[in-house]
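Enquirer: Here it is, the structure, as structure tokens.
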Ligand code: HPA
């Protein structure tokens, strides 16, 4: 029975192969009737049940994005199921574009809050009363206690940890420079195509949530370079060792 669910974002899927992960049962989403199946390169979707430093976790390798054609509700089914399996803590990771000019590709950024208004709510439709209440408070989506643990782990590992507000956009196209200026004016520090919906679904179930972005590129118009998924994967890969150490330390500190 997992205590923690960890969702691995773009390029971070290798975490499950790291030596600190003692792997058990693996369940591909395609084996679960009715489950959404992710179609993005580098996102083969499955649950990996494992122990990390003795803590029972379920790792979601690959996630389901709305841009694949799934509804917001379907995109959070794997997170909800992890919650129903017993995970009370959700650790979300993703690759994101940096909007705040103090961010650099390769930076790890603790998500302090999010902007999700550009994507449909995963709670839309009849409320599932067994999971949570109709109107869910979003004042503290990202647990201050867990965020403090992430800060402490980064300090102990001598790692720089940036912090900021993450905006989820629908994708799959990257943003235009005008959209990035808009997001900047709205207070977003980083942008991506996941995470906020999962965090909302988890808070609906009263799971405790923390989230870390790997800044893989500067957002459109902030740098001069055109954006590519390849660049995202290459930068995520170069940050992988640091990211893996941080996640392992966070899991062992909250388990
Ligand atoms: N925009 C949206 N999603 C992303 C980006 C970006 O610049 N980088 C990684 N995921």
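Just so it is clear, none of the values below were taken in a lab; they were calculated from the coordinates. Nothing here was measured: the structure is a model prediction, and the numbers come from that model. Because the Cβ atoms are built from the backbone with ideal geometry, glycine has one as well, and the counts that use them run over all protein chains shown.
Enquirer: Arranged by the count of other C-beta atoms within 10 angstrom, fewest first, what order do 182, 218 take?
Expert: Result, fewest neighbours first: 182, 218.
Enquirer: Considering the Cα positions of region 180-255, please state its Rg to one decimal place and its Dmax as a whole number of Å.
Expert: For region 180-255, the Cα radius of gyration and maximum Cα-Cα distance read 15.1, 43 Å.
Enquirer: Another question, if that's okay. Report, in deg cm²/dmol and to the nearest 500, the calculated mean residue ellipticity at 222 nm for the chain, where each DSSP H run with n ≥ 4 adds -39500 (n - 2.57) and the sum is divided by the residue count.
Expert: -8500 deg cm²/dmol
Enquirer: Obtain the radius of gyration and the Kirkwood radius of region 1-125 from its C-alpha atoms and give Rg over Rh.
Expert: 0.96
Enquirer: Given the chain, what percent of its DSSP beta bridges are antiparallel, to the nearest 5?
Expert: 40 percent
Enquirer: Cut-off is 10 Å between beta-carbons; in what order do 139, 93 appear when sorted fewest neighbours first?
Expert: The most exposed by this proxy come first: 139, 93.
Enquirer: So, one more: What per residue convex hull volume, in Å³, comes out for region 110-188 when only alpha-carbon positions are used?
Expert: Looking at region 110-188, the number lands at 145 Å³ per residue.
Enquirer: Ranked from highest to lowest mean number of other Cβ atoms within 10 Å per residue, what is the order of the peptides 110-119, 223-232?
Expert: 110-119, 223-232
Enquirer: Rounded to two decimals, what is Rg over Rh for the chain when you use alpha-carbon atoms and the Kirkwood radius?
Expert: Reported Rg/Rh, Kirkwood definition of Rh: 0.93.
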